[in-house]
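One structure below.
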Amino acid sequence: LAQNAIPFLAVFDHHGLPLHLGRGQRLASPAQRLALIAAEKGCTRPGCTAPATLAAVHHVREWAAGGTTDIGNLTLACDACHGLVHDGPGGWKTIVLGPDSEYPGRTGWIAPPHVDPSRTPRVNQHHHAPEQLARTLARSRVERRAWLSSERTQGSPD
C-alpha cells in the first residue's frame, strides 16, 4: 500500500499549526511564515532593511538539494537578496549557525570571495535592535569597570 506513497511528517505546535513539514511539501505553511516573521522580523541578509512584509521564505539548504520545509531550515529573504543566493560565481550562501556561534540557530549569510575573502558567515542585526542594545550595554559596563579599576590603581599611592 505504501509503495507509491510520498513520505510525509508533520510536527505541530501546541495550537495544532504545522512547523515541520519534511519533504512532503515545498512551500512553507502560513504558521511557519508567522513563526519566521516573529523570530526574524525581516530579510536576514546582513545590511538589508527589508521588512518581513517584503520577504519570501527561503530554504537555507535548497529544496532541490534535499532541503526540508522545516522551521529550522527556513529563513526570510527579500526578492533582491533571495536572487543573490546561488551556486554560480558571485553567489551567496546561507547556513544555519551552530550552537557554538554567537547567534545559534540564526541564518548566516556567506558573501562570495570577491566581497568577503574570509567567507565569514554574518547575520543581519537591523531587525534585532534590542539584542544589539543589550550587547552594547553589557560591553559598555565591562569597559567602564575596567576603566574604574585602572583609575583606582593609577590613583593609589605606592
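The values are calculated or read from the model by the stated rules, or taken from the named source; none is laboratory data. On a predicted model such as this, the values are computed, not experimentally measured, just so you know. Every residue, glycine as well, gets a Cβ built from its backbone with ideal geometry; the counts of neighbours run over all protein chains shown. Note: accessible area is taken over every heavy atom of the protein model, side chains too, but ligands, DNA and RNA are not part of it. Shrake-Rupley method; radii C 1.70, N 1.55, O 1.52, S 1.80 Å.
Modelled this way, with points 7 Å down the Cα-to-C-beta line, the labels at Ser140 and Val115 are 3.1 nm from one another.
Residues of region 35-66 falling in the label zone of His86, defined by backbone nitrogen less than 19 Å from a point 7 Å along Cα to beta-carbon, are 45, 56-66.
Taking only protein heavy atoms and a 1.4 Å probe, the accessible area of region 11-124 is 61% carbon and sulfur.
Can you give me the accessible area per residue for region 18-114, using a 1.4 Å probe, in Å²?
Counting only protein heavy atoms, the per-residue value for region 18-114 is 49 Å².
The label-point distance for Thr49 and Tyr103, in a model that sets each label 7 Å from Cα toward Cβ, rounds to 1.8 nm.
Note on region 11-124: Cα-Cα pairs beyond 18 Å make up 49% of the total pair count.
Sequence-distant contacts, meaning Cα pairs under 8 Å at least 6 residues apart, place the relative contact order of region 11-124 at 21 percent.
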